[in-house]
Amino acid sequence: MEKKWWQKEVIYQIYPKSFYDSNNDGIGDIKGITQKLDYLESLGITMIWICPIYQSPMADNGYDISDYYQLNPEFGDMKDLDELIERAKEKGIKIVLDLVINHTSDEHPWFQDLLKNPEDSKYRDYYILKSGQDGMPPTNWRSVFGGSVWEPLKNTNEYYFHSFGVKQPDLNWENKQVRNELYKMVNYWLKKGIAGFRVDAITFIKKDQNFDNLPADGADGLVKCTKKARNQAGIEEFLHELKEETFTKYDCVTIGEAPGVPYEQYGDFIGDNGYFSMIFDFRYADLDVASGSEWFKRVEWNVLDLKKLIFKSQTEIQKVGWGANFLENHDQNRSLSKYIKEEENRNFYSATMLGALFFYLRGTPFIYQGQEIGMTNFKRKSIEEFDDISSIDQYYRSMNEGFSAEEALHFINLRSRDNSRTPFHWNDQEYGGFSKVKPWLGMNDNYRSINVEQQEQDPNSILHFYKKIIQLRQKSECLIYGEIEPILEDHPTIVAYKRKYYAEEIVCYFNFSCDEQKVVLDDKFDVLLDNYKEDKQTVSEQEYFLKPYQALILLKQGESHHE
Ligand code: NOJ
Ligand code: CA
């Protein structure tokens, strides 16, 4: 593919509520991000994606927007955002915002008007309304956060549709006026000088217009709505129009959150004339559960399974375009806890091995706040300690499906989105230096041993290694643009691949186990990166023994190293 500026970026994802609290009210804010720009610069990232900061009652922490043009005062005001954009720019860091256009908050003025005036509000057709049947909702579809997708519209016989929470009514994309309102808003933000958008839940915008019932798939008598309300035929027209009316007018980057797209359709999404610059592929992130909304259906997996998913994703994406690679985000549990099964092996080696493994895949790498210091899952003792609406739903649904309260708690401890949303660990002081007052969400207790200050002082820390991982990628065209070729595909515990760019070849080995593993090297190599002691500059032994969780990045000798 033709080179694009956004292929070179290293993106750092910020969950603003939990990053840094500048005014000590327990809630992270925009000024907090600005104050930590030096930290982000020293890490070496080039772009920040900030989760929603718009006005919102925060039922889903900002993914429920009540005014697209205002910021949530808890986060700050427009002056704060302008200052952040400007200061970041001085450091060569771009800002990407979240775009949530599948739904609004029920507190958005459009929906409020509809509530006041259900019969003849001019916003009636902005949402999806249907009459019930015999006292039952229009269909038996389950929303992503549990319960029916249909909620009675007060004082009427009608229901409104929500793919996610009750306070997140879906917009009616069939209505041209709605689409135009949204495009206007998107253009407003792009004009303001942001680099682009991460586009939320975008495959949900088209619903099957027949609104039929389906056979139930759970004890609640409902069925996942994704079968009828995600990536449905006809979505291509909406996505094409969205792009033409907004994104194409700017040289911006768009990262689609587009679950449910089969690989055969990836060309439409990220090909030469695709709807987005890149999209996330969630298949490997959800390998431990039946689906992102069924945490009680645990799935056994091994390294070979993970490898197959990663390489399938990589090779399918390579055929048509470019991908967005991530280990963690605000909807996932922490990667060290998910991918490294034995607690005693969650350490420097496994954290840096995982980091490098994902970083040198073909695509733009994302780092989620805290990943770079090896933050882990927590263990909560009761449901009261959770904030995330989907955790609360999964807890009660698990019990409804026949699990005990203890088992239900176990599932959400493993998978809760709160795992990645706990306040960031800046130092070992109270509340991890995140705030001087009790934060909105309970800390992970291990902030005393896992924190930025301590790792900045330790040259052998995860944080320092992440800096090296980033620096190496940024100076190697081969690691940025090179083709990927999986090797040792059937090996049960070594993940390995080559990156190739013109005459240059880089071979990456990752020992995904706590035992030594032998590899046979077919040439002489320069060592570019090694998470064990860097005492060897070159390796040429026929046999090389990878140490537990070793990451070894090798440049084949004799070729020029593109700097
Ligand atoms: C995906 C977002 O990442 C998630 O946090 C949110 O709850 C849903 N979309 C609904 O907007
Ligand atoms: Ca604050």
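General remarks:
- Cα gyration tensor category, rounded, prolate or oblate, for the chain with a/c compared to 1.5: prolate
- Amide hydrogen neighbours beyond the local backbone of Ile14, cut-off 5 Å, H modeled: Trp49, Ile50, Cys51
- Taking 0.36 nm per residue of separation and subtracting the Cα-Cα distance, full extension of the segment from Leu43 to Asn187 would add 48.7 nm.
- Above-threshold pairs, the threshold being 24 Å between Cα atoms, out of Lys167/Lys338; Lys307/Lys341; Lys192/Lys249: Lys167/Lys338
- Test item: Cα-centred dipole of region 446-523, Lys/Arg +1 and Asp/Glu -1 on Cβ, debye: 360
- Formal net charge of residues neighbouring Met278 (Cβ-Cβ distance under 12 Å; K, R +1; D, E -1): 0
- In a DSSP loop and with at most 12 other Cβ atoms within 10 Å, there are no chymotrypsin sites (Phe, Trp or Tyr not before Pro) in region 402-498.
- Simple Cβ-charge dipole of the chain, Lys/Arg +1 and Asp/Glu -1, about Cα centre, in debye nearest 20: 400
- For region 22-181, a simple Cβ point-charge model (Lys and Arg +1, Asp and Glu -1, everything else neutral) yields a dipole of about 320 debye relative to the Cα centre.
- Where a label projected 7 Å from the Cα of Leu304 along Cα→Cβ would reach, residues of region 273-289 with amide N under 19 Å: 284, 287-288
- Alpha-carbon centroids, region 340-387 and region 126-181: separation in whole Å: 36
- Distance from region 454-491 to region 238-263 (C-alpha centre basis), Å: 29
- Selected from Ile85, Asn61, Phe211, residue furthest toward positive end of dipole (the chain; charges at beta carbon): Ile85
- Ordered by 1.4 Å accessible area with all protein chains kept, Phe211, Phe510 run largest first as Phe211, Phe510.
- Amide H contacts under 5 Å for Gly234, placed H, 5+ residues apart: none
- The phi-based Karplus calculation (6.51 cos²θ - 1.76 cosθ + 1.60; θ = phi - 60°) puts the 3J(HN,Hα) values of region 542-549 at 4, 10, 10, 9, 6, 7, x, 6 Hz, whole numbers, x for Gly and Pro.
- Per residue, the chain reaches -8000 deg cm²/dmol at 222 nm when only DSSP H runs of four or more residues are counted, each adding -39500 (n - 2.57).
- As a rough guide to protection, the peptides 540-547, 388-395 ranked by mean Cβ packing within 10 Å, highest first, stand as 388-395, 540-547.
- Other-chain or far-sequence residues with amide H under 5 Å of Ile487's (modelled H): Ala496, Tyr497, Lys498
- Cα centroid separation, region 314-335 to region 496-563 (Å): 23
- Theoretical gain in end-to-end length, Ile383 to Lys518 [0.36 nm per residue, Cα-Cα removed]: 44.0 nm
- HN-Hα J in Hz across region 29-38 - Karplus 6.51, -1.76, 1.60, θ = phi - 60°, x for Gly and Pro: 8, 5, 4, x, 5, 4, 5, 9, 5, 4
- The accessible surface of the chain, taken with every protein chain in place and a 1.4 Å probe, is 46 percent carbon and sulfur.
- Out-of-range pairs (alpha-carbon distance over 20 Å; input Lys31/Lys89; Lys89/Lys436; Lys122/Lys184; Lys116/Lys224; Lys3/Lys91): Lys89/Lys436; Lys116/Lys224; Lys3/Lys91
- Proximal lysines relative to Lys536, as straight alpha-carbon distance under 18 Å, when same-chain residues fewer than 8 apart are discounted: Lys468, Lys518, Lys524, Lys547, Lys556
- Averaged over residues, the count of other Cβ atoms within 10 Å places the peptides 147-154, 331-338, 1-8 in the sequence 331-338, 147-154, 1-8, highest first.
- Relative to the compact-globule estimate of 2.2 N^0.38 Å, the Cα radius of gyration of region 322-458 comes out at 1.11.
- Percent antiparallel among DSSP beta bridges (both partners in the chain, rounded to 5): 60
The values are calculated or read from the model by the stated rules, or taken from the named source; none is laboratory data. Since the model is a prediction, treat every value here as computed from it, not as a measurement. Cβ: placed from backbone, ideal geometry, glycine included. Neighbour counts: every protein chain shown. Ligands, DNA and RNA are stripped out before the accessible areas are found, and what is left, the full protein with its side chains, is counted by its heavy atoms. Shrake-Rupley method; radii C 1.70, N 1.55, O 1.52, S 1.80 Å.
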